[in-house]
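Asks: Encoded as structure tokens, here's the structure I'll be asking about.
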Amino acid sequence: MLNRRIAIAALQETHLTEPRLASLDRLFSKRLLVLSSPDPDNPGACAGVAFAINKDLLHVSDYRFVELIPGRAIALTICWYDSDAITLLNIYAPNEATRHADFWRGLRTSWHRHHLPQPDFMLGDFNLVEDGLDRAPAHPDVKTATNVLMAFRTHFHLQDTWRHTHPRLTAATPTAPAHCNIRDKCLCINSPTQTHLEPRYGALEAHQPST
């Protein structure tokens, strides 16, 4: 993050226990702020989501961090350089398709209960794809699960920008393996000025390049 001037990294399946988080803080607290939501039942071996913020690039004196679903969904509102604040939703959805309906509906309820603003970005590992082309070999996911995801993003006016720009390509990155699931996604509504998004397996980063 520091060498590449990455401002925010959204991480999933972090398995960050309190001792591990404390260790990270001891090592990197001068330059990084890690905001973590562990799995409440098995934090060292299951789920977990986090934001890592580069203090060299962003001010961390004024932000709002909300645990929406512990270990599964968190929100961050923070000032983006000299522009207005942005709100990011970081998700690690359940593996089981049968759990998705309750997950997305509960997430929507939690979002409104906390009176959060419109998310600018929804990013993370959704553990399903709306478009069969996002799997290799291409095939669709369970319709009941994809329908509830679609309803969630439609409610918040979010769009899979990469898929919208490349409707016929079969992989989200040129380095994707031959058999993979492109479930690490970023959906957005309005991109702040000079924002760049770079997907990686396990994380999706928002950063501003050096000038």
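Asks: Keeping to the stretch 57-86, report how many residues are modelled with pLDDT under 95 and hydroxyl-bearing (Ser, Thr, Tyr).
Replies: 3
Asks: Yes or no: the stretch 19-28 includes at least one residue that is among the hydrophobic types (A, V, I, L, M, F, W, C) and touching a helix residue (DSSP H, G or I) at 6+ places or on another chain (Cβ under 8 Å).
Replies: No, the stretch 19-28 has no match at all.
Asks: For residues that are among the acidic types (Asp, Glu) and modelled with pLDDT of 85 or more, scanning just the stretch 107-148, find the one that is nearest to residue 79 (Cα to Cα).
Replies: Within the stretch 107-148, the subset among the acidic types (Asp, Glu) is 120, 125, 130-131, 134, 141.
Cutting the leftovers down to modelled with pLDDT of 85 or more gives us 120, 125.
Numbers: 120: 12, 125: 24 Å.
It comes out as 120.
Asks: Which residues, counting only those in the stretch 87-116, are assigned to a loop (DSSP other than H, G, I, E, B) and among the acidic types (Asp, Glu)?
Replies: Residues of the stretch 87-116 that are assigned to a loop (DSSP other than H, G, I, E, B), as a first pass: 93-96, 114-116.
Passing the criteria: only 96.
The values are calculated or read from the model by the stated rules, or taken from the named source; none is laboratory data. Note that the coordinates shown come from a computational prediction; the quantities given were computed from them, not determined experimentally. Heads up, the Cβs are rebuilt from the backbone with ideal geometry, glycines too, and the neighbour counts pull from every protein chain shown.
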